[in-house]
1. Could you tell me whether region 53-61 includes any residue that is part of a loop (DSSP other than H, G, I, E, B), modelled with pLDDT of 75 or more and within 30 Å of G150 (Cα to Cα)?
2. Output yes when any residue across region 138-149 is at pLDDT below 90, surrounded by fewer than 23 Cβ atoms within 10 Å (Cβ to Cβ) and hydroxyl-bearing (S, T, Y), and no when none is.
Amino acid sequence: MAAQQGQCPTCGSDIIIPILDRYGRLIDPVTQEILKPDPHPVHAYAAAGERAPQVLRQNDGSHLIRCSKCNQTSPVTANNCKSCGMPFTMEGTTAQANGASNGFGVASLVLGIVGIPFACTVIVPLLAIVFGAVAVYQTGKQPGQRGGRGLGIAGIVCGVIGLALAATIFNR
């Protein structure tokens, strides 16, 4: 639907849908100028047609976005679906928003792996467990970051192994 006339799903006014070029920039079809990136879902999904998320107007005048993938609603200011992580805006298509791991999960796994040979320090395996717990907790609160959960669990397991090795070393 790029460069065609359509209706704004929020206010109902007539708009000309911008063109998305090969570099991911929005181009005004009338002036051919690059538009300032706008996190509004109309711009990010302008060319999606029926696959685009719907902007719903509530009785109190507020707006919600209905995800076209899972049919759940999120605040209109959301870059991603709060339920499944589907991106609504250009900003929502970043690696972190698409489910890439969070830093705590990565740190937990690295510390857990390093903590096995360095179990005598006890601190490294403990940090792996703490960071892993934080990663698991965060991914439970933010469904779009599922990748950090597995890394956090793996870091916790490696941290427990490191603590078990430390316990056998100190008990000798």
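1. Looking through region 53-61, at least one residue is part of a loop (DSSP other than H, G, I, E, B), modelled with pLDDT of 75 or more and within 30 Å of G150 (Cα to Cα).
2. no
The values are calculated or read from the model by the stated rules, or taken from the named source; none is laboratory data. The model shown is predicted, which means the values in this text are computed figures rather than measured ones. Backbone-built Cβ (ideal geometry, glycine too); neighbour counts: all protein chains shown.
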